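Inspection log for the structure reproduced underneath, given as structure tokens.
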Amino acid sequence: MFKKIKDYFTQKKAIRLYMLDTFMKVNEVVTIVNESVKKYSDNLSEVLDGNGLEQLSKLSEDIGKLVNNTDLKTEYFKQVNKNAHEEKMAEINKNK
């Protein structure tokens, strides 16, 4: 009977230690996440303050122009094709 009571308290102590360890680990993770979110929000507020928003808007407009311009896409793929052909020919000539 006393052995069972002793085992019960030993297990209870071990469970408390595991719970404390788990809570400490969760606290570390939450702290890291909190710091990351704070850094992200600080960086975002810097971008949105002043002319950062204007620069971001201009950048998105420029990207939109590049994506929607079919002539640029065609020229890009022509250049990629030309480079690939030159590399393949150089490889063939090298193996001869």
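Derivation of every value follows stated rules applied to the coordinates shown; laboratory data play no part. All of these numbers come straight from a predicted model, not from anything done at the bench. Counting neighbours? That spans all protein chains shown, and the Cβs are built from the backbone with ideal geometry, glycine included.
Here are a few things to note about the model shown:
- Label selected from [x] 1.14; [y] 0.94; [z] 1.50, the criterion being Rg/Rh (Cα atoms, Kirkwood Rh) as computed here: [z]
- Between 15, 32, 63, the Gaussian network model of the chain with springs among Cα atoms under 10 angstrom shows the greatest mean-square fluctuation at 15.
- Sorted into 10 angstrom bins from 0, the C-alpha pair distances of region 1-49 split as 23, 23, 17, 15, 11, 7, 3, 0 percent.
- Ranking 80, 34, 14 by Cα position along the charge dipole of the chain, where only Lys, Arg, Asp and Glu carry charges on their C-beta atoms, puts 14 farthest toward the positive end.
- Local net charge near residue 12, Cβ-Cβ under 14 Å (Lys/Arg +1, Asp/Glu -1): +3
- Net charge dipole, the chain: roughly 1140 debye, given to the nearest 20, about the Cα centre with Cβ charges of +1 for Lys and Arg and -1 for Asp and Glu.
- Listed residues 86, 54, 35, most fluctuating in the chain (Gaussian network, C-alpha, under 10 Å): 86
- Working note: 222 nm ellipticity from helices only, DSSP H runs with n ≥ 4, each -39,500 (n - 2.57), summed and divided by the residues of the chain, gives -34000 deg cm²/dmol to the nearest 500.
- Taking the longest Cα principal axis of the chain as reference, the axis of helix 2-48 is set at about 30 degrees.
- Neighbourhood net charge (15 Å Cβ-Cβ; Lys/Arg +1, Asp/Glu -1) for residue 32: +1
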